[in-house]
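To start, the structure itself, in structure tokens.
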Amino acid sequence: MSEAIPAKEAAALDAADGLAAKRAEFDLDDGVVYLDGNSLGALPRGVAGRLSDVVGREWGRLRIRSWEESGWWTAPERVGDRIGGLIGAAPGQVVAGDSTSVNVFKAVVAAIRLTQGAGEGGGEGEAPLRDEVLVDAATFPTDGYIARSAARMTGCRIRAVDAADMAREAGPRTAVALVNHVDYRTGRLHDLPAVTAAVRAAGARTVWDLCHSAGALPVHLDADGADFAVGCTYKYLNGGPGAPAFLYVRRALQDRFDSPLPGWNSHADPFAMDPAYAPADGAVRGRVGTPEILSLLALDAALDVWDGVDLAAVRAKSLALTDFFLRCVEAYVPQGRVESVTPGAHGERGSQVSLRCAAGPAGGAGDVMAELIRRGVVGDFRRPDVLRFGFTPLYTRFADAERAARVLGEVLEGARRR
């Protein structure tokens, strides 16, 4: 393929892109190709002004009155509902707050309590006690750490299995399966509806980690019968560093959702200051302490970029971008220098491309990524040998994909010639 062909094709694809106008809503510069939105999303332009108002007027002038007058108190549910619209959840099932790790803990322990409290005592002639937590063997480490701690606290054991095998591995002792919707290393997309159905058929519950899928592709939690889901908002949802995470609790389970962190904000009457805990109804049960208002309202403003966006169009562009990038890599990169570990099949791919890059004249994968960043192409590196490139359809252009592949080829070709 001639080097001019990918560039011309990129220009044509960008000209036909129905989401192209969204890029103007982000604080980006044309001198840098930013392909790390799967770690930290770009800044939406509306956030700075909103935060200035929150700090200067709502906090600076109204002060304590803003809990009521500015709607601070109900922000976790209001923002949660906005996120819910992006993950297939009807209002009243998502609350925004805390970190992903804290929400994983809440969801896993609550799921164990649900299944262990279902009358399966393990006596003679009874079903065995559900004392097993299935964990995606390739999970993001924090999920594994939290799951192991939750298992110790509840008398369960951990069993790590491949996410692709989760459906058939769930059995009579399984209490909960904690699964990543998209593998953070490889970008592999797992089958949420099939796994959810199989785990439910086994009598267990699911907790889905949506960190690498929320905002990157359509998710249908309600329609697919998910029990619990968690996710961060600083990746594809562009909420900013340390932005509050979210917790989804299926409506049918909310009256039995027994949070292991019963804070005053989830009390039915928080200002009664009653020493006895009585949980609130609905998604409010997912709250713990005082909401992180500044970051929560920054996230609220960031979510404005999703107004009027069709997630089906986002998914179509994501797949087109990653397909195009892989073709450009094939055209530009010396043969045998990189290998895609991201599935080729669309139904198995998230919104990133991970390339295994063996050590060579340009150094290891970490050295290659450092040189890419020096040349204005920002992705990231996962040990020992993976280059990750995240494609955020709201602001990534086909020209960005072409340039990233071309510069990668230049780095590796130049090193080979030295």
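The values are calculated or read from the model by the stated rules, or taken from the named source; none is laboratory data. Fair warning: this is a prediction, and the values are worked out from it, not measured in the lab. Methodologically, a virtual Cβ is constructed for each residue, glycine included, from the backbone with ideal geometry; neighbour enumeration extends over all protein chains shown. Only protein heavy atoms, including side chains, enter the accessible area calculation; ligands, DNA and RNA are left aside. Shrake-Rupley method; radii C 1.70, N 1.55, O 1.52, S 1.80 Å.
Annotations for the structure displayed:
- Alpha-carbon centroids, the stretch 198-214 and the stretch 316-367: separation in whole Å: 28
- The calculated FRET efficiency for L253 paired with T142, based on their beta-carbon distance and R0 = 22 Å, is about 0.40.
- Taking the chain as the region of interest, the number of lysine pairs whose Cα atoms are within less than 18 Å, with members eight or more places apart or on different chains, is 4.
- Dividing the mean sequence gap of close Cα pairs (under 8 Å, 6+ apart) by how many residues the stretch 14-171 holds gives a relative contact order of 13 percent.
- Taking label positions 7 Å along the Cα-Cβ direction at both R65 and R50, the computed distance is 2.3 nm, reported to one decimal.
- Protein accessible area in the chain, 1.4 Å probe - carbon and sulfur %: 54
- Around the Cα centre of the stretch 212-271, unit charges on the Cβ atoms of Lys, Arg, Asp and Glu (plus for the first two, minus for the last two) sum to a dipole of about 180 debye.
- Scanning the chain for DSSP H helices at least 27 Å long along the axis (C-alpha atoms) with a Kyte-Doolittle mean no lower than 0.5 picks out 311-332.
- Relative contact order of the stretch 158-313, pairs being alpha-carbon contacts under 8 Å that are 6 or more residues apart, as %: 17
- Check: the chain dipole with +1 on Lys, Arg Cβ and -1 on Asp, Glu Cβ, in debye: 700
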